[in-house]
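Heads up, the thing below is written out as structure tokens.
The values are calculated or read from the model by the stated rules, or taken from the named source; none is laboratory data. As the structure is a prediction and not an experimental result, all values here were calculated from the model. Here Cβ is always computed from backbone atoms with ideal geometry, including for glycine, and neighbour counts include all displayed protein chains. Each accessible area value is taken on the protein alone, full model and side chains, heavy atoms only, with ligands, DNA and RNA left out. Shrake-Rupley method; radii C 1.70, N 1.55, O 1.52, S 1.80 Å.
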Amino acid sequence: MNLKELAAHVTAEFQKHYGRAPRWIVAAPGRVNVIGEHTDYNDGFVLPMAIERYAIMAADEPLPGSVSAAAQISIWDIHFDEKATIDISGPMTRGTPKWSNYIRGVLCGFQNRGVKLAALDIAFMSTVPLGGGLSSSAALEVCTATLMEAATGKAIDPIEKALLAQKAEHDFAGVPCGIMDQFISALGREGHLLLLDCRTRKTELVPMSDPAVALLVINTNVKHELSGGEYAERRAQCEEAARNLGVASLRDVTAEQLEKGKAKLSEVVFRRARHVIGEIERTVRAAEGIRASNWSAGGKFMYASHASLRDDYEVSCVELDVVVKIAEEIGYKGGVYGCRMTGGGFGGCCVALVKTDAVASISQKIAADYQRETGIAATIFSSRPAAGAVIIKG
Ligand code: GLA
């Protein structure tokens, strides 16, 4: 479903469930990170793009006298047919169901900004695969923040909005994530990748509108769970490396400086730092390649990124490695420029830069070989770079 169809679907579902038309409709996309993995919390560069998969909400004020009118936000999850009720009469707290915490975290962010929350009836749905490393949680957070903007009539600066959503993830979902996912969901631009300097928060749009190239997302359908502890552990190891090397963050360290300081780091922490420092460099250079339509250069850095994430950062898994191996076998001749795991890791998706006219044959080959080698069916789709969060109605 494209965004227009999705909006029509959610409108109809809202109407069915609440018995009237919604007053507001908002959406925020998921993302795929082309390159720059585990660099955002090291003050480095990332190069994500928003995908044509969305968290979407239709909403209205509750009818007078209804249960929700008594200081409640009700959210009906269309797909899972599950309801969350959030009490807004006092300070926001964590609660159930689990997914409501992303929403609660954002509402808390608005309370902290001095916004008095108003009761709402919401119908919600997401086409971003859950636990697939495509930022379904950031999409939900940014979508909620965008609904609050629509409902209060007060727009907030998109960078502030991304930071508010990131804080929701930290405080209410317990994942100490960086700023990439919420930034791209809030700031994505159609036809562009976003080169983000996570230290200065300066963004640069990198055009990616050549119809001859496409990005394929290959979901291994192995679920990843970032609250599992590995993510926080990697982050702590990077901080340890920076501390022992006497710098504020790994952004301040060159490959030569790292080699010189090797004795100050454990073997594992050294490899973690080597990934981050190399990845920051690769991201800048891949963006240069893509900006110059040098797809082979971009693809080469993607393969190198994967190898580093697999061997030095150790966040890949067998299934992700199998996908990259198949992509390498198809190779340039078969239309693949590059491929790597994307997102936090431990499952989820790979991203491949490919020739558009080979999308069908590449998808077929990856699906067949992956199924044969792992016994799992992959889900594969391509997406053009989409726009960031949007108020569709209201
Ligand atoms: C998750 C986090 C991001 C980023 C990636 C790894 O998606 O939410 O902030 O750290 O992992 O690059």
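Below is a table of values for the structure above.
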{"read-out": "Wholly within segment 133-236, helices (runs of 4 or more DSSP H) carrying at least 2 residues that are more than 15 Å from the ligand (Cβ to nearest atom)", "value": "136-152, 158-173"}
{"read-out": "Pairs with Cβ under 6 Å, 6+ apart, first in segment 41-62 and farther than 16 Å from ASP77 by Cα, second part of a strand (DSSP E or B) and more than 16 Å from the ligand (Cβ to nearest atom)", "value": "ILE51/SER383; GLU52/SER383; PRO62/ASP121"}
{"read-out": "Members of segment 82-103 found to be in contact with a helix residue (DSSP H, G or I) (Cβ under 6 Å, 6 or more places away or on another chain) and within 13 Å of PHE172 (Cα to Cα), listed by number", "value": "MET92, ARG94, ASN101, TYR102, ILE103"}
{"read-out": "Any hit, segment 294-315, residues being among the acidic types (Asp, Glu), buried (at least 17 other Cβ atoms within 10 Å of the Cβ) and over 28 Å from THR254 (Cα atoms)", "value": "no"}
{"read-out": "Residue that is nearest to MET302 (Cα to Cα) [pool: residues in segment 344-358 that are open to solvent by 30 Å² or more (accessible area, probe 1.4 Å) and at pLDDT 95 or above]", "value": "LYS355"}
{"read-out": "Unique residue being in a strand (DSSP E or B), of a type outside the set (S, T, N, Q) and more than 29 Å from HIS38 (Cβ to Cβ) when the list is ILE392, ILE380", "value": "ILE392"}
{"read-out": "Residue that is part of a strand (DSSP E or B) and among the β-branched types (Val, Ile, Thr), where the choices are VAL276, VAL354, VAL268", "value": "VAL354"}
{"read-out": "Condition check for ALA286: open to solvent by less than 20 Å² (accessible area, probe 1.4 Å), of a type in the set (A, V, I, L, M, F, W, C) and in a helix (DSSP H, G or I)", "value": "yes"}
{"read-out": "Extreme residue, farthest from the chain's Cα centre (by Cα), among residues of segment 237-261 that are surrounded by fewer than 16 Cβ atoms within 10 Å (Cβ to Cβ) and outside any helix (DSSP H, G or I)", "value": "GLY246"}
{"read-out": "GLY229, sole failed condition from (1) in contact (Cβ under 8 Å) with a residue 12 or more places away in the chain; (2) on the phi > 0 side of the Ramachandran plot", "value": "(1)"}
{"read-out": "Residues located in segment 293-313, provided they are closer than 16 Å to LEU216 by Cα and among the polar types (S, T, N, Q)", "value": "SER296"}
{"read-out": "Identity of the residue in segment 20-52, away from the ligand (no atom under 15 Å from the Cβ) and within 20 Å of PRO158 (Cβ to Cβ), that ends up nearest to the chain's Cα centre (by Cα)", "value": "GLU52"}
{"read-out": "Pairs where the first residue, in segment 167-184, is of a type in the set (Val, Ile, Thr) and the second is near the ligand (Cβ under 10 Å from one of its atoms), C-beta under 6 Å, 6+ apart", "value": "VAL175/GLU169; VAL175/LEU226; ILE179/ASP40; ILE179/GLN166; ILE179/CYS198; ILE184/ARG31; ILE184/PRO48"}
{"read-out": "Total residues in segment 100-149, condition more than 16 Å from the chain's Cα centre (by Cα), within 15 Å of ALA389 (Cβ to Cβ), open to solvent by 10 Å² or more (accessible area, probe 1.4 Å) and touching a residue at least 60 places away in the same chain (Cβ under 8 Å)", "value": "2"}
{"read-out": "Residue list for segment 318-343, filter: open to solvent by less than 10 Å² (accessible area, probe 1.4 Å) and either of a type in the set (Lys, Arg) or within 16 Å of the ligand (Cβ to nearest atom) (or both)", "value": "LEU320, ARG340, MET341, THR342, GLY343"}
{"read-out": "Test: residue in segment 360-367 that is over 17 Å from the mean Cα position of the chain (by Cα) and closer than 29 Å to ALA7 by Cα", "value": "yes"}
{"read-out": "Filter pass, PRO158 being touching a His at 6+ places or on another chain (Cβ under 7 Å), over 30 Å from ARG20 (Cα atoms) and at pLDDT 95 or above", "value": "no"}
